[in-house]
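The values are calculated or read from the model by the stated rules, or taken from the named source; none is laboratory data. This one's a predicted model, so the numbers in the text were calculated from it and none came from an experiment. In this analysis, Cβ positions are derived from the backbone assuming ideal geometry, glycine residues included, and neighbour counts consider all displayed protein chains.
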Amino acid sequence: MTWKLPATMFAIVSLLGLAGVLPASARGSAPSEDPLSPAHIEGLPPEVRANIERATRACGAPVAALHLFSRYIQDRVTGDRFIALHFEDVHCANRAAICTTAGCLHQVYVSKGGGYRDILNVYAPEIEFKLSDGAAVVEVACGRPAEACARDFRWDGSHLHPLK
């Protein structure tokens, strides 16, 4: 008899959870944020948003992005801040507006304490930020396998320069 009560309670709690009656905190780690949202673009600096609007104009409205659409890094040598935009994470009805056979558009912006300026536009399968001796490095993958043709660009305080 003692086993029936916990089993019955477990069944009731499980059914309530499946029915969505329990609050999210009681159901576990269900995300509360919409993963595809215009807010992931709207929260960016105005000059960056303006460039996104130009790049996605042919997508049609509304344009929304996943949370990882924008990624950030800070150069420890210069203190400059960077934003990388990954357009593969944008919902676009006309995918050809932001992606080609080489990959989707990726943009990198830098701020030296004021506004942000565009320093890299590339169509690639992926880009990544890294730090090398504290300096910001952008690695551009260029196909499969990415290691065969990856190209790194190091920030010198004013420009990105290809590493050999």
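Residues of the stretch 43-70 being under 16 Å from Asn121 (Cα atoms) and touching a residue at least 12 places away in the same chain (Cβ under 8 Å), which ones?
Of the stretch 43-70, the ones under 16 Å from Asn121 (Cα atoms) are 47-56, 69-70.
Hits for the stretch 43-70 are Glu47, Val48, Asn51, Ile52, Ala55, Thr56, Phe69, Ser70.
Consider the stretch 87-99. How many of its residues are crowded, with 16+ Cβ neighbours inside 10 Å and charged (D, E, K, R)?
Residues in the stretch 87-99 being crowded, with 16+ Cβ neighbours inside 10 Å and charged (D, E, K, R): 2 in total.
Of these, Ala84, Ala135, Ala64, Ala124, which one is aliphatic (A, V, I, L, M) and surrounded by fewer than 17 Cβ atoms within 10 Å (Cβ to Cβ)? If you could, list the steps in order and put the result at the bottom.
Values: Ala84 fails: surrounded by fewer than 17 Cβ atoms within 10 Å (Cβ to Cβ); Ala64 fails: surrounded by fewer than 17 Cβ atoms within 10 Å (Cβ to Cβ); Ala124 fails: surrounded by fewer than 17 Cβ atoms within 10 Å (Cβ to Cβ).
Result of the check over Ala84, Ala135, Ala64, Ala124: Ala135.
Please find, within the stretch 89-113, the residue that is farthest from Asn51 (Cα to Cα) out of those that are charged (D, E, K, R) and touching a residue at least 24 places away in the same chain (Cβ under 8 Å).
First pass over the stretch 89-113, keeping only residues charged (D, E, K, R): 89, 95, 112.
Still in the running and touching a residue at least 24 places away in the same chain (Cβ under 8 Å): 89, 112.
Details: Asp89: 16, Lys112: 18 Å.
The selected residue is Lys112.
Answer with yes or no whether Ile73 is under 30 Å from Asp34 (Cα atoms) and touching a residue at least 60 places away in the same chain (Cβ under 8 Å). Give the derivation first.
On the way: under 30 Å from Asp34 (Cα atoms): yes; touching a residue at least 60 places away in the same chain (Cβ under 8 Å): yes.
So Ile73 passes the test.
Here's the yes/no breakdown for (1) assigned to a strand (DSSP E or B); (2) among the acidic types (Asp, Glu); (3) touching a helix residue (DSSP H, G or I) at 6+ places or on another chain (Cβ under 8 Å):
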{"residue": "His106", "(1), (2), (3)": "yes, no, yes"}
{"residue": "Leu120", "(1), (2), (3)": "yes, no, no"}
{"residue": "Glu128", "(1), (2), (3)": "yes, yes, no"}
{"residue": "Val137", "(1), (2), (3)": "yes, no, no"}
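Can you tell me which residues in the stretch 100-118 are at negative phi and crowded, with 17+ Cβ neighbours inside 10 Å? Quick ask: steps written out before the conclusion?
Taking the stretch 100-118 first, the residues at negative phi are 100-102, 104-112, 114-118.
Cys104, Leu105, His106, Gln107, Val108, Tyr109, Val110, Ser111, Tyr116, listed by residue number.
In the list Leu68, Leu15, Leu44, Leu5, which residue meets the criterion of being assigned to a loop (DSSP other than H, G, I, E, B) and either at pLDDT 90 or above or hydrophobic (A, V, I, L, M, F, W, C) (or both)? Outline the logic, then answer.
Numbers: Leu68 fails: assigned to a loop (DSSP other than H, G, I, E, B); Leu15 fails: assigned to a loop (DSSP other than H, G, I, E, B); Leu5 fails: assigned to a loop (DSSP other than H, G, I, E, B).
Matching residue, one of Leu68, Leu15, Leu44, Leu5: Leu44.
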